[in-house]
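Q: Quick one: structure below, then a few questions.
The values are calculated or read from the model by the stated rules, or taken from the named source; none is laboratory data. Computed from a predicted structure; not experimentally measured. Here the Cβ positions follow ideal geometry from the backbone for every residue, glycine too, while neighbour counts run over all protein chains shown.
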Amino acid sequence: MVAKRILGAMFLNLSMAIIEVIGGIFSGSLALISDALHNINDFFALIISYLAEIISKNKKRTLNHTYGYRRLEILAALLNGLLLLGIFIFLASEALERVRNPKEIEGIQTIIIGIIGLFGNILGAYLLHEDSKHNLNIKSAFLHLISDALSSIGVIIGALLIILYRLYIADTIISLLIAGFIFYSAFDLLKDTLHILMEGTPKGIDVKKIEESICRIHGVKDIHHVHVWQVSTKDLLLSAHLVVENQMLSLAERIVDEVRNKLEENFGIRHSTIELESEDVNKEKKCQCEY
């Protein structure tokens with residue numbers, strides 16, 4: 001279902017890009033041409049997101065890739081973030097060039113094409129909005145479409161200023177504002193993806209709270225070497241050393257089961273690796289858990 005929505009957004013994006021390229025050539029609007037190239041770039045970004053979604057969901061794990069291909073979602077988001085940076089550099093350089101060499105622009109043609117582009121981008125963003133809340137790859141595609149929609153709004157505003165006041169510099173100023181928004185979006189997306197790729201603690205996860213929660217479980221004497229990371233936006237993982245009383249293995253495994261249930265219910269961590277240690281072996285160590 002997610003893949004179908006990405007396909008729908010791709011079709012809309014490419015259609016708007018073709019219309020804007022034609023309109024931009026005839027009207028002479030830099031903002032419109034920039035928005036068209038932005039849309040074309042986003043079309044390729046959506047292709048990347050689509051392929052990553054299909055591969056990560058359908059390609060099974062192997063002995064060489066024991067977690068499967070779920071991290072493709074994050075790699076696709078990283079690539080899309082880099083593409084956004086490329087768009088920012090292009091728009092900024094083109095806008096500065098237009099400042100040095102102003103050009104007359106057809107306002108009426110620009111505003112008509114801008115409205116068509118805005119409608120298409122809003123519809124495409126709507127298709128991906130819900131999934132973007134839970135999937136970083138889809139979020140990157142969604143951000144591309146939102147930036148396109150804002151670009152179209154900027155094109156419309158610039159065209160109105162040209163029609164009403166013959167203010168041709170407005171087209172250039174709008175292009176620079178669009179470039180600034182794109183840079184902000186790219187920076188935010190790259191920050192999130194690099195944090196995951198660097199095995200950072202997932203957003204919303206407090207390791208101290210996890211330790212305190214597990215310490216409340218009867219039979220747990222200490223917890224240390226706690227590591228929490230994520231393979232994709234949904235797959236959270238944890239590894240930890242658990243100190244328990246010297247007891248039968250079957251009783252200790254019940255404690256581990258309780259720990260795993262608490263991790264899943266309270267923190268959304270569905271995959272955990274717990275290494276057991278005996279309290280007798282750790283007598284000289286200072287334990288974190290207090291009773």
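Q: Every residue in region 169-219 that is more than 17 Å from Trp229 (Cβ to Cβ) and among the charged types (D, E, K, R), please.
A: Answer for region 169-219, where residues must be more than 17 Å from Trp229 (Cβ to Cβ) and among the charged types (D, E, K, R): Asp171, Asp188, Glu212, Arg216.
Q: While we're here: Which of (1) out of contact with any strand residue (DSSP E or B) (no Cβ under 7 Å at 6 or more places or on another chain); (2) in a loop (DSSP other than H, G, I, E, B) does Asn246 not meet, given it meets every other one?
A: (1)
Q: Within region 210-245, take every residue that is modelled with pLDDT under 90 and under 23 Å from the mean Cα position of the chain (by Cα) and give me the one that is nearest to Lys139 (Cα to Cα).
A: Top of the filtered list is Thr233.
Q: Next up: Only residues that are farther than 13 Å from Ala31 by Cβ and among the small types (Gly, Ala, Ser): list them for region 93-108, please.
A: Ser93
Q: Please find, among Asp131, Asp192, the residue that is among the acidic types (Asp, Glu), more than 30 Å from Val259 (Cα to Cα) and part of a helix (DSSP H, G or I).
A: Sole residue among the options that is among the acidic types (Asp, Glu), more than 30 Å from Val259 (Cα to Cα) and part of a helix (DSSP H, G or I): Asp131.
Q: Oh, and also: Would you tally the residues in region 21-50 being within 21 Å of the chain's Cα centre (by Cα) and either among the aromatic types (Phe, Trp, Tyr) or not assigned by TED's automatic domain parsing to the domain that holds Ser185 (or both)?
A: Residues in region 21-50 being within 21 Å of the chain's Cα centre (by Cα) and either among the aromatic types (Phe, Trp, Tyr) or not assigned by TED's automatic domain parsing to the domain that holds Ser185 (or both): 3 in total.
Q: Checking Arg98 against (1) under 22 Å from Leu12 (Cα atoms); (2) surrounded by fewer than 23 Cβ atoms within 10 Å (Cβ to Cβ), which single condition isn't satisfied?
A: Result: Arg98 passes all but (1).
Conditions (1) loosely packed, with under 13 Cβ neighbours inside 10 Å; (2) aliphatic (A, V, I, L, M); (3) outside the structural domain of Arg70 (by TED's automatic domain parsing); (4) free of Cβ contacts under 8 Å to residues at least 40 places away in the same chain, marked per residue:
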| site | (1), (2), (3), (4) |
| --- | --- |
| Glu212 | no, no, yes, yes |
| Val231 | no, yes, yes, no |
| Lys234 | no, no, yes, no |
| Leu237 | no, yes, yes, yes |
| Ala240 | no, yes, yes, yes |
| Val243 | no, yes, yes, no |
| Asn246 | yes, no, yes, yes |
| Ile255 | no, yes, yes, yes |
| Glu264 | no, no, yes, yes |
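Q: Please go through region 199-220 and pick out each residue that is hydroxyl-bearing (Ser, Thr, Tyr) and out of contact with any strand residue (DSSP E or B) (no Cβ under 9 Å at 6 or more places or on another chain).
A: Hit for region 199-220 is Ser213, nothing else.
Q: To continue, here is another question. Any residue that is under 13 Å from the mean Cα position of the chain (by Cα), surrounded by 15 or more Cβ atoms within 10 Å (Cβ to Cβ), assigned by TED's automatic domain parsing to the domain that holds Ala45 and more than 17 Å from Phe43 (Cα to Cα) - is there at least one of those in region 136-152?
A: yes
Quick grid of which residues meet (1) touching a helix residue (DSSP H, G or I) at 6+ places or on another chain (Cβ under 9 Å); (2) buried (at least 23 other Cβ atoms within 10 Å of the Cβ); (3) free of Cβ contacts under 8 Å to residues at least 60 places away in the same chain; (4) acidic (Asp, Glu):
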| residue | (1), (2), (3), (4) |
| --- | --- |
| Ile163 | yes, no, yes, no |
| Ile178 | yes, yes, no, no |
| Phe181 | yes, no, yes, no |
| Asp192 | yes, no, no, yes |
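Q: Let me ask another. Which one of these is on the phi > 0 side of the Ramachandran plot and either in a helix (DSSP H, G or I) or out of contact with any Gly (no Cβ under 6 Å at 6 or more places or on another chain) (or both): Gly68, Gly23, Gly81?
A: Step by step, each of Gly68, Gly23, Gly81 is checked, and only Gly68 is on the phi > 0 side of the Ramachandran plot and either in a helix (DSSP H, G or I) or out of contact with any Gly (no Cβ under 6 Å at 6 or more places or on another chain) (or both).
Q: What about Glu53, is it over 30 Å from Ile163 (Cα atoms), touching a residue at least 60 places away in the same chain (Cβ under 8 Å) and in the same structural domain as Gly154 (by TED's automatic domain parsing)?
A: For Glu53, the condition - over 30 Å from Ile163 (Cα atoms), touching a residue at least 60 places away in the same chain (Cβ under 8 Å) and in the same structural domain as Gly154 (by TED's automatic domain parsing) - is met.
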